[in-house]
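The values are calculated or read from the model by the stated rules, or taken from the named source; none is laboratory data. Because the structure is predicted, anything quoted here is derived from the model rather than measured. All Cβ positions, glycine included, derive from the backbone under ideal geometry; neighbour counts span all protein chains shown. Please note that ligands, DNA and RNA were not included when accessible areas were found on the heavy atoms of the full protein model with its side chains. Shrake-Rupley method; radii C 1.70, N 1.55, O 1.52, S 1.80 Å.
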Amino acid sequence: MPIAALLTKLFRKPYQSVGPQQAAALVADRAVLLDVREPAEWRAGHAPRTRHIPLGQLSARLAELPAGLPVITVCRSGARSLQAAALLARQGRQVHDLTGGLRAWTSAGLPLQAKGGRPGRLV
């Protein structure tokens with residue numbers, strides 16, 4: 001294997017980064033949008049059709065994610081979701097990370113909702 005190909009393989013991210021529109025399209029195609037923020041953040045507002053597992057609980061709750069479906073990780077700005085994406089990739093999952101988090105999601109004009117489908121807000 002040529003050295004350039006070997007270096008690319010060794011240092012590439014084990015997940016793909018996606019923007020808000022691509023994430024929404026993947027969710028429409030059955031991908032799981034996984035919000036890894038804390039419960040208070042989740043209650044204030046989250047993307048529709050999102051599963052919620054806080055980052056600190058993810059390793060113990062991996063079985064709650066459906067097998068065979070891609071997972072898109074998301075948090076407020078992208079830092080926690082990167083950690084979640086790396087963890088899921090190590091478990092052999094097909095993973096995408098939403099670049100810029102829910103800040104990017106809302107900036108793209110995509111909705112947030114709170115309990116009962118009410119409009120949500122980003123905290």
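Taken over the stretch 5-24, the criterion of being modelled with pLDDT of 95 or more and out of contact with any strand residue (DSSP E or B) (no Cβ under 9 Å at 6 or more places or on another chain) is satisfied by Q21 alone. Any residue at all in the stretch 77-88 that's modelled with pLDDT under 95, touching a Gly at 6+ places or on another chain (Cβ under 9 Å), under 24 Å from R121 (Cβ atoms) and open to solvent by less than 30 Å² (accessible area, probe 1.4 Å)? Checked the stretch 77-88: at least one residue is modelled with pLDDT under 95, touching a Gly at 6+ places or on another chain (Cβ under 9 Å), under 24 Å from R121 (Cβ atoms) and open to solvent by less than 30 Å² (accessible area, probe 1.4 Å).
Considering each of G56, G68 in turn, give the residue that is small (G, A, S), farther than 19 Å from T99 by Cβ and assigned to a loop (DSSP other than H, G, I, E, B). Steps first, please.
On the way: G56 fails: assigned to a loop (DSSP other than H, G, I, E, B).
The unique qualifying residue is G68.
Can you name the number of the only condition in (1) of a type in the set (K, R); (2) open to solvent by 70 Å² or more (accessible area, probe 1.4 Å); (3) modelled with pLDDT of 95 or more that R37 fails? It fails just one condition, (2). When A67 is tested against (1) in contact (Cβ under 8 Å) with a residue 24 or more places away in the chain; (2) of a type in the set (G, A, S); (3) at negative phi, only condition (1) is not met. For the stretch 47-68, the condition of being out of contact with any helix residue (DSSP H, G or I) (no Cβ under 8 Å at 6 or more places or on another chain), open to solvent by 60 Å² or more (accessible area, probe 1.4 Å) and β-branched (V, I, T) holds for none of the residues.
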